[in-house]
1. When every alpha-carbon pair in segment 41-115 is counted, what percent end up more than 19 Å apart?
2. For the chain, which DSSP H helices look membrane-span-like by this rule: Cα extent along the axis of 20 Å or more and mean Kyte-Doolittle of at least 0.5?
3. Taking amide H positions as placed 1.01 Å from N in the peptide plane, with prolines and chain starts having none, which residues 5 or more places from residue 19, or on another chain, fall under 5 Å of its amide H?
4. Give me the lysines in straight-line cross-link reach of residue 171: C-alpha distance below 19 Å, same-chain residues under 8 apart excluded.
5. For the chain, what does the alpha-carbon gyration tensor say about shape, rounded, prolate or oblate, given a ≥ b ≥ c as the root eigenvalues, a/c under 1.5 as rounded, and a/b over b/c as prolate?
6. Cross-link partners among lysines for residue 202, C-alpha distance below 18 Å, same-chain residues fewer than 8 apart left out?
7. Can you show me the helix-derived [θ] at 222 nm for the chain, built from DSSP H runs with n ≥ 4 at -39,500 (n - 2.57) apiece and divided by the number of residues, rounded to the nearest 500.
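Every number in this text was worked out from the coordinates using simple rules, so none of it is lab data. All values derive from a computational prediction rather than experimental measurement.
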Amino acid sequence: MPKDTNLGVMDAITKRHSVRTFTEKPVSNDQLDALFQAARLAPSSLNSQPWRYKAVRDKSLLTEFGKKEISRTQAWLAGAGAIIVCCADTEGYVRDSQASAFFYRENDLIKGDTMKGIDEYVERESSAAESARFGAAAMNVGISISFMMLRAVELGLGTCWVGMFNEQKIKDMLGLPPGLRIVGLLAVGHPAPGQPTEHKRKQLEELVLT
Ligand SMILES: Cc1cc2nc3c(=O)[nH]c(=O)nc-3n(C[C@H](O)[C@H](O)[C@H](O)COP(=O)(O)O)c2cc1C
């Protein structure tokens, strides 16, 4: 797929398809950096930015990702140019939410009951079970993954979000810190010819409530 620098947002959305077959052409540092720059601009609750990324390009590690114990034998992952392991920092999520609330209060940016509501929200997140905190942080990470997927289209790259994986095995394999939870894998590469062009989707009538 040639690089297209003049895409509108809807063009990128329409052109994006999950890509699972890639050419041998490597994914460069600049391309990874461009994806991360897009991810970093994603919105997040209380600007907590809980996303962390680990890019893997080592061929032997990519092969490991395709194995049964890591991805239930999604062998095509071995052919990706890179796999971005997209993580949520669940502790950082709480810490940075608290920091934002503090900043809003100290600078009198948000007042009265709205500020009280934010304080209560942050307090609830701080004392929530790890699974609830992970869910909230993961929602933010998911948005940033979407930003990367759309930027990838503009760069002529293909992506596929992979949600079927063994989290602990990947954490052990890559030596990821215990405070990080894996939200998803983003396979990235130069699309091989013959990618899908149609979107199989529900009709709007089914999605939009009247
Ligand atoms: C949260 C999530 C998890 C997914 N997990 C996988 C996966 O493990 N393996 C895979 O091949 N595709 C996976 N996909 C890709 C979907 O199958 C794909 O987005 C969907 O079929 C629509 O096709 P499209 O992306 O080409 O529009 C996942 C997508 C999302 C958003």
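1. Details: 1530 of 2775 pairs.
Percent of Cα pairs beyond 19 Å in segment 41-115: 55.
2. Values: long enough: 90-106 (24 Å, -0.88); 112-127 (23 Å, -1.23); 130-154 (36 Å, 0.75).
TM-like helix candidates: 130-154.
3. 159, 160
4. Here the lysines satisfying the reach criterion relative to residue 171 are 54, 59, 67, 68.
5. Working: a/c = 2.01, a/b = 1.49, b/c = 1.35.
Because a/c hits 1.5 or more and a/b exceeds b/c, the chain counts as prolate.
6. Here the lysines satisfying the reach criterion relative to residue 202 are 15.
7. Details: 9 runs with 100 residues, N = 210.
Counting only the DSSP helices, I get -14500 deg cm²/dmol.
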